[in-house]
Amino acid sequence: MGMIYGIFIFFTSNLEREMRHKLKTAFKNFIEKVESLTKEDLEFEVPFRDLGFNGAPYRSTCLLQPTSSALVNTTEWPPFVVTLDEVELVHFERVQFHLKNFDMVIAYKDYSKKVTMINAIPVASLDPIKEWLNSCDLKYTEGVQSLNWTKIMKTIVDDPEGFFEQGGWSFLEPEGEGSDAENAGSESEVEDETFNPSADECEEEEEDSDEDYSDETEDSVYSEESLGTDEESGKDWDELEEEARKADRESRYDEEEEQQQQSRTKRKGHGHAPTPAKRRKK
């Protein structure tokens, strides 16, 4: 049974390979005939499979592949084709760290044309898509929220001049970039002013430090001179030590005398009076 199953798989894979080869050959012949009939006014492009990414332009997810001039899906029905020359802006929605997917909105130069939505694109494809758009010189923006593009495009169509006078697509740019840069510049200027004093201030500080140093040296010289005169006019160290020892002995002697007197008075106060019998004997 296993041998029969293996033979079946072998013939099936060979049949699929032959069908693919026939399809490729037939499509190649078709391209050559069309180009010869149109005198090469109509060119065929090969998709870049390495740049492809998964997304849902309709209800189901499919593989979207860029070409030299378009973004296409021709492997599943219905086909999907976006011509890059017609695109003005690409906006990424729901770009958040905790989400696994994001959406891509394609706005056309013809503002009356409805925008194209591609949903459920894996976050891992975001950076490759940005690189591809940069190589095509297409502007892109991103945000964390989903926008009401029907209302946005209606506003543009009603008053396109007013829309661009008010900044155009700048409302899709991340807020606070310019202000942050200005704040950073002002902070750096404050730091420079704080930590880089002027030359005049430096000279004043040096003069103050020199004056303080000279005052300290004069005080130290004066104290040394006064100490020297005291030592010359006063007594020797041996005499001073002898006087100190004598004073200690006298103070200890006085303390001992005081303690002896206190003990004698306590013994006299606690003595018992003689009994009446002893008084009669006397």
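The values are calculated or read from the model by the stated rules, or taken from the named source; none is laboratory data. For clarity, every value in this text was computed on a predicted model and none was experimentally measured. Every residue, glycine as well, gets a Cβ built from its backbone with ideal geometry; the counts of neighbours run over all protein chains shown.
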### Task
Look through 106, 4 and report the one residue that is in a helix (DSSP H, G or I) and either assigned by the TED database to the domain that holds residue 118 or over 16 Å from residue 122 (Cβ atoms) (or both).
4
### Summary
Residues in the stretch 109-128 that are of a type outside the set (Ser, Thr, Tyr) and in a loop (DSSP other than H, G, I, E, B) total 5
### Query
How many residues are surrounded by 15 or more Cβ atoms within 10 Å (Cβ to Cβ) and assigned to a loop (DSSP other than H, G, I, E, B) if we restrict to the stretch 62-93?
1
### Message
For the structure I just gave you, tell me whether residue 101 is under 29 Å from the mean Cα position of the chain (by Cα), within 19 Å of residue 51 (Cα to Cα) and polar (S, T, N, Q).
### Response
yes
#### Entry: Selection count where residues are at pLDDT below 75, under 21 Å from residue 139 (Cα atoms) and in a helix (DSSP H, G or I), scope the stretch 150-192
2
### Task
Return the total of residues in the stretch 44-61 being in contact with a Ser or Thr (Cβ under 9 Å, 6 or more places away or on another chain) and surrounded by fewer than 12 Cβ atoms within 10 Å (Cβ to Cβ).
2
